[in-house]
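The values are calculated or read from the model by the stated rules, or taken from the named source; none is laboratory data. Predicted, not measured: the structure shown is a model, and the values here were computed from it. A quick note on method: Cβ atoms are made from the backbone with ideal geometry, for glycine too, and the neighbour counts reach across all protein chains shown.
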Amino acid sequence: MIALVGFVAVLAGVAGGLALTYRGWRATRTGDPSSLRIPIVVVVTAGVVAFVSLEAAIIGHDFSLEYVAQNTSRSTPLVFLLASAWAALEGSIVLWGLVLVGFVWWVGRRVGDGDRLGIGALAVLGLTVVFWFGLMATASNPFRVCTEAFAGGVGCASSSWFPLAAVAAPLDGFGPNPLLQNHILMAVHPPMLYVGYVGLSVPFAFAISAMAQSLQGSAWLERTHRWSIVAWSFLTLGIALGAWWSYEVLGWGGYWAWDPVENAAFLPWLVATAFIHSAVVQRRRGVLQAWNLVLVISTFALTILGTFLTRSGTIVSVHSFTQSAVGPVLLAFLAVVLIGSFGLFALRAHRIVSSPRLDSLASREGVFLANNLLLTLYAFTVLIGTMYPLALEAFAGRQVSVGRPFFDRVTLPIAFALLLAMGVGPITPYRVARGSVVWRRIALPLQVALAVGVVAAILGVQSVPVVLIVVLGTFVIATILRHFVGQVRVLVRRGERPLASTTKVLGREPGYWGGQVSHIGVALVAIAIATTTALVTRAEIQVVQGDTVVVGDYCVEYVGPFSRVEPNRAVEGAEIALLSSDCATEIDRMFPRVNRYLGSNQPVATPDVRTGLVDDVYVSLNGVQDDRLFLDVFVFPLMWVLWLGSAVTVTGGLWSYVGTRRLRRVESLQIREEVRA
Amino acid sequence: VSRRMVNLGLLVGLVTALVIALWPAPDSAPSHAERTAALADELRCPYCSGESIADAPSAIARDLQDFIAEEVARGASDDEIIDFFVATYGEQVLLDPPATGWGLWLWLLPLLGLMAGVVLIAHRLRSDTVSPPAHRAVVAEQLAAARSDLAELEQQEATGEVGPDDAVRLRGTYEAEVALLEGLDPSDPEPTDRRRLLVGALVLIAGVVALTVGVAVVADDRAPGGLITGDTGATSLDDVTNEEMELVIAENPDVLGMRLALAGRYFEAAEFSDALRHYLYILDRQDNAEALANVGWMTFLSGEAEAGLRFVERAVDVDADHLPAYWFLANIRFFAFDDANGAVASLERLLAADGLPDDIRAEAQSLLAQAKAEA
C-alpha cells in the first residue's frame, strides 16, 4: 500500500514538474503567475508525500519495499532508521526531491504579478523537478516492491517496479551499511550538503530565465544573491560536518583525504565562493556580468558532477558505498545542462550583459578579480586531479592514481595567494586604491602577523609552509580586527557608546561584516590545517597488556580488552590509559573500539579522541592478533581550531543573510512611512 | 615621515628575525622513521580504497609499511623503494604521478588555465565597453548606479581614500556616463524568439533520451572493471590472476594476507599441492585458523584422517568463529570415525552461527539429520 502511495506521489511529481514548466513557459508572456499555483502545490505535495511514505515504511518495518529490506533491519535503532531514508542511493534522491520542492515553494511565494524573471525561474526549476522525480520513477526507484525474499527470510532477492505486483515480504532486512550506522552525524551531514547543493539551483534557474527571455540587468543576481549565501553556508556546514564525521568516526586518522567524493563536494563550494564574491562586484560596480553567468552555470554543473561521482561508483574511494546504475543518467543530464546552458549563454549573453570597464586594476575590484582567478584556478586544478585518472583510463586505457601528495603540493601556493588576497582585499578601496592608503591599513596587522610567526618559530615550529600559513592567517584576522576597531572608534569619537557602536558597525553593513567573519573562520581553518597536517605526531604501535609506549608528549598504556553486545552490533575494544610523557601520571582513559554489525562482516573502527587546548590525542584500534593489539596513535596540534574556524565561517554566512534581511525590512518600513507622510 | 620609517624598520626587523628563526639546522637529514612515513604517504595501498599506505587502516597496509621500514633500515634509497613498488603493483601505486608523458598534462593544464585567465583579464581590460541596446529597466538601473558612484566617490574623497587627481578623473567619467544615460531613449525589450527556444529545448530533451540510452548501452557492454561499471580492478583481489599474485608474494614473502587469499583459491580449485605449499609457509609464521582448517581437510582427503582431525581441532582452538572448521570437523568425525555425537555437536555449533550461506546451511541440516539418526 505504501509502495503505491509513494509511487503515485513520484509520478505526480513528474506531472507537476511538467505542468510547472509548461504553464511557466506560457505565463512568461503574460506575466501572470496565478496559473502556477496548482503545479506548485502538486510538486510540493508530491515531494512531501514521497518522503513521508518512505519514512513510514522504514519505521513501520514494511519489508515488502525492497529499499526497506536492503537498507534497514528490525534491530536498527530509531535514529538510524530515520536516517536510513537517505542513507542509500534511492532514498537520497527522495531527500533531494524534498529539498528541491521546498525551494520551489519558497521561490513561488516570492513571485508576484508581472514578474517574468521569477516565472521563468520557476519553469526552469520545474524542469529539474521533472528530472529528479523522473529518476525516482525509473533508474532509482525507492518504492520497488519485493517479489521474492531470500531463502532465509532476510533481505529481498528480486523486486518489481510495479507497486501492485504480488508481494513477498522478507521477515527482516539487512540493516544499513555499517559505516553509516556508526554515528549520529550520518543523520545530519547529507541533508546539510543537499540543502547546499539544491539551493545552488535557484540562482542557476534565475540566470537561465534571464538569458532565455533576454532580460537585461542585474535583477537575477540581486534576487538570488542571498539565496546563494544561504546555500553556500549550508554547503560549508555540510563539508565541515563530513570532515568531522570522518575524523571522529571512520578511524583513519584524518578529516580530509582529497578523496574524489570529498573533492566532489569541495568543487561546487570553491566555484560558489568565487560566485558570491564576483556577485558583490557586479552589484556594487556593474562589472563581471558575463563572468557571473559562467560561474553560476559552472556551480550548478559541478553539483551534478559531484552527484555523478558520488553516486555512480565510477571512482574508487572510501565513500564508494554508493555505487549504482544511475551513473549514465546523471552523466547525460550533466551533458544536457552543460550544452544547454552554455549554448544559451553563447546565443544570448551579449544581449543581456553590458561590460563597463574597470576604473583601475589597483582597487577592490582588482583584488576581487584576483580572488576569482585564484578560486577558479583552484577549482580547475582539483577538477583536473579528480578527473585525470578517469580520463586516462577511458581514453588511454591506463590506470593511475592522483592523491594527497599531488593535491597538497599544487594547491598550497594557491592557498598562500588566496590568503594574501583575503588579507589585502577587504581594506582596499573601491574604484582606485593609493598605495599609501592600503599601506596605512595593513602595516600594523603585518607587523603583528610577522611577530606571531617569529614566536611560533622560536617555540619550535620549523616547517616553513606552516609558519607562512600562520603569518598569513594572522594577517587576515588582524587586518579585519584593525579595520573593525577603526570603524568603531570613528563612532565613539562622535560620542556614541562603545558597545552600541560595535553593534551599529556590524549591523550597518551586514553583508560586508558577515563576509569578514567568514574570512576569520577561513583563516582559522587554514592555520589549523597547517598545524594538524605538518606538525602531527603519528605512531603505529603494537602492544600487549601492560605495555607502555611513548608517543610525542604522551605515553600510552594498554590496560586491557573489553567487549559488549548491543542490539545491532558487537563491540570489541581496548582500554587505554593516557599518561604523561614519563609514563608516571595518568591523564585520561580512552576506549577505542571495533564494531561488528549484524548482517555484515565488515568491521568498523571507532577511534577515541581526547580533545585538549594544545592538541588532540586520537587512538584508533587497527587490529588484534592473539593478545597483541595494533594501535594507531595520532597527536594533532590545535585540532579544535579547525572546528571553531568552520563554525565561524558558517556563522559569517548566516549573519550576512539574516542581517541583510533585517536591513531590508527596516528600509521597506522607512519607505512606507515616507509614503504615508 | 618618521612614523613611516619606524613602521618600515620594524617590518624589516621582523622579517629578518623570522628568516633567522627558520634557518634550517645544519644536520637535517631525515631519520629512518621520517623517510618511511614520507614514502608511505606517497604510495597508494594497492588493495585498499584508494588511500595511501600511511592512511589505510588495513593489515595489508600495515605489512607494506613494515616492509618499507625494513627496506629503509637495510639501506635502500627512496627511489629504489618507489621503483620496486611501481614494478610490483604498476604505476597506479604512485599518488603523485611523475610529470612525464601523460602525467605532464596534470601539471600543464592548471598552468594553461592560469595563463588563459590572465590573458582573458588583460584582454578585457584593454577592450572597449560593450553595451547591448539599452532597455528601459536597465537604463534606470545603470543611471542609479552611476549616481551612487558619484555620491560614494565624494565620500571617499572626503575620507582621503581616493586622492584629488583620481577623484577629478573619475568624477569626469561618471558625470559623462550620467549625461549619456539621461540622453538615451530607452526601448522596451523586444519579445524573444520563443519558437526557436522551444525547438532548442525539444532537441535538447531528445538529446537527453538518446544520450542516456546510448551511454547505458555502451556501459552495459563494458567488461567489469571498465570506467562506467566502476570497480577499477586494483581495489579487488578478484581481478588479479593467480600468476600475478604469485609474483607479488614472491616479492613480498611475508605479506601473509595475500598468500592466504591465493592459497584459498588453490584450495577451492582443488590444486592441493600449491595450496599446501602456501599454507605451510603461513603456519611456519603464525597459527592461522583458515590455514589450519584447510590443511587438515586436505590431510583428511589424502587418507590421513587422524592427522587431519588434529589440524582442524587446532583451527577451532585458534579461532572459535572460523565456521568452515566446524563443517570439516563434522564430516571427518562422522565419516572417518563414525562419531555421530561429535558430528552433531560440530554441526549445531555451525548452524548456530549468523550469516551462514543458504546452501551450506541446507547441507549442514541434512547431515545433522543423518547424524542424529545414527546417534
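Based on this model, can you work out whether residue A:619 counts as part of a strand (DSSP E or B), under 27 Å from residue B:68 (Cβ atoms) and not small (Gly, Ala, Ser)?
Answer is yes for this residue.
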**Prompt:** Which of the following residues is at pLDDT below 90 and over 30 Å from the mean Cα position of the chain (by Cα): A:440, A:508, A:493?
**Reply:** A:440
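For every residue, the table says whether it meets (1) in a helix (DSSP H, G or I); (2) farther than 24 Å from residue A:464 by Cβ.
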residue: A:413; (1), (2): yes, no
residue: A:420; (1), (2): yes, no
residue: A:424; (1), (2): yes, no
residue: A:433; (1), (2): no, yes
residue: A:437; (1), (2): yes, yes
residue: A:440; (1), (2): yes, yes
**Asked** Only one of these conditions is not met by residue A:282: (1) in a helix (DSSP H, G or I); (2) buried (at least 24 other Cβ atoms within 10 Å of the Cβ); (3) not charged (D, E, K, R). Which number is it?
**Response** (2)
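When the residues of region B:277-288 are filtered to those that are in a helix (DSSP H, G or I), in contact with a helix residue (DSSP H, G or I) (Cβ under 6 Å, 6 or more places away or on another chain) and not hydroxyl-bearing (Ser, Thr, Tyr), which remaining residue is modelled with the highest pLDDT?
Going through region B:277-288, the residues in a helix (DSSP H, G or I) turn out to be B:277-285.
Subset that is in contact with a helix residue (DSSP H, G or I) (Cβ under 6 Å, 6 or more places away or on another chain): B:278-279, B:282-283.
If we keep only those that are not hydroxyl-bearing (Ser, Thr, Tyr) too, we end up with B:278, B:282-283.
Working: B:278: 89, B:282: 86, B:283: 84.
If we take residues in region B:277-288 being in a helix (DSSP H, G or I), in contact with a helix residue (DSSP H, G or I) (Cβ under 6 Å, 6 or more places away or on another chain) and not hydroxyl-bearing (Ser, Thr, Tyr), then B:278 is modelled with the highest pLDDT.
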**Asked** What number of residues within region B:44-78 satisfy the criterion of being buried (at least 18 other Cβ atoms within 10 Å of the Cβ), polar (S, T, N, Q) and either more than 10 Å from chain A (Cβ to nearest Cβ) or assigned to a helix (DSSP H, G or I) (or both)?
**Response** 1
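Of all residues in region A:579-616, which are part of a strand (DSSP E or B), closer than 20 Å to residue A:560 by Cβ and within 13 Å of another protein chain (Cβ to nearest Cβ)?
Residues of region A:579-616 that are part of a strand (DSSP E or B), as a first pass: A:579-580, A:586-590, A:593-597, A:604-606, A:608-611, A:615-616.
Narrowing the set further to residues that are closer than 20 Å to residue A:560 by Cβ leaves A:579, A:586-590, A:593-596, A:605-606, A:608, A:610.
Of everything in region A:579-616, those that are part of a strand (DSSP E or B), closer than 20 Å to residue A:560 by Cβ and within 13 Å of another protein chain (Cβ to nearest Cβ) turn out to be A:594, A:596, A:605, A:606.
Can you tell me which residues in region A:423-467 are more than 30 Å from residue B:173 (Cβ to Cβ) and either among the basic types (Lys, Arg) or within 7 Å of chain B (Cβ to nearest Cβ) (or both)? Steps first, please.
First pass over region A:423-467, keeping only residues more than 30 Å from residue B:173 (Cβ to Cβ): A:443-467.
Of everything in region A:423-467, those that are more than 30 Å from residue B:173 (Cβ to Cβ) and either among the basic types (Lys, Arg) or within 7 Å of chain B (Cβ to nearest Cβ) (or both) turn out to be A:443, A:446, A:447, A:450, A:451, A:453, A:454, A:457, A:458, A:462, A:464, A:467.
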**Candidates B:83, B:41 - the one that is in a helix (DSSP H, G or I) and surrounded by fewer than 14 Cβ atoms within 10 Å (Cβ to Cβ)** = B:83
**Message:** Which condition from (1) modelled with pLDDT of 90 or more; (2) within 10 Å of another protein chain (Cβ to nearest Cβ) is the one that residue A:470 breaks?
**Reply:** (2)
**Prompt:** Looking at residue A:218, is it within 14 Å of chain B (Cβ to nearest Cβ), more than 26 Å from residue A:372 (Cα to Cα) and among the polar types (S, T, N, Q)?
**Reply:** no
**Asked** Which of the residues spanning region B:151-168 are surrounded by 12 or more Cβ atoms within 10 Å (Cβ to Cβ), within 11 Å of another protein chain (Cβ to nearest Cβ) and on the phi < 0 side of the Ramachandran plot?
**Response** B:152, B:153, B:156, B:157, B:161, B:162, B:163, B:166, B:167
**Item:** Evaluation of residue A:228 against (1) of a type in the set (Ser, Thr, Tyr); (2) out of contact with any Pro (no Cβ under 9 Å at 6 or more places or on another chain); (3) away from chain B (no Cβ under 14 Å); (4) within 29 Å of residue A:301 (Cβ to Cβ) (one fails), failing number
**Value:** (2)
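In region A:345-374, what count of residues is obtained for those that are polar (S, T, N, Q) and more than 10 Å from chain B (Cβ to nearest Cβ)? Don't jump to the end; show me each part of the working.
Residues of region A:345-374 that are polar (S, T, N, Q), as a first pass: A:354-355, A:360, A:363, A:371-372.
Adding the requirement that they be more than 10 Å from chain B (Cβ to nearest Cβ) leaves A:371.
Looking only at that region, the number is 1.
Can you tell me which residue among A:380, A:395, A:368 is buried (at least 24 other Cβ atoms within 10 Å of the Cβ) and assigned to a helix (DSSP H, G or I)?
Of the residues listed, the single one that is buried (at least 24 other Cβ atoms within 10 Å of the Cβ) and assigned to a helix (DSSP H, G or I) is A:368.
Residue-by-condition table, conditions (1) touching a residue at least 40 places away in the same chain (Cβ under 8 Å); (2) within 14 Å of chain A (Cβ to nearest Cβ); (3) under 41 Å from the mean Cα position of the chain (by Cα):
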{"position": "B:304", "(1), (2), (3)": "no, no, no"}
{"position": "B:332", "(1), (2), (3)": "no, no, no"}
{"position": "B:340", "(1), (2), (3)": "no, no, no"}
{"position": "B:345", "(1), (2), (3)": "no, no, no"}
{"position": "B:350", "(1), (2), (3)": "no, no, yes"}
{"position": "B:356", "(1), (2), (3)": "no, yes, yes"}
{"position": "B:363", "(1), (2), (3)": "no, yes, yes"}
**Prompt:** Is at least one residue of region A:599-609 surrounded by 19 or more Cβ atoms within 10 Å (Cβ to Cβ), within 26 Å of residue B:288 (Cβ to Cβ) and not charged (D, E, K, R)?
**Reply:** yes
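Please give the helices (runs of 4 or more DSSP H) falling wholly within region A:1-110 in which 2 or more residues are touching a residue at least 24 places away in the same chain (Cβ under 8 Å) and surrounded by fewer than 24 Cβ atoms within 10 Å (Cβ to Cβ). Give the steps one after another, and end with the answer.
Values: elements: A:2-30, A:37-59, A:66-71, A:78-84, A:89-109.
Result: A:2-30, A:37-59, A:78-84, A:89-109.
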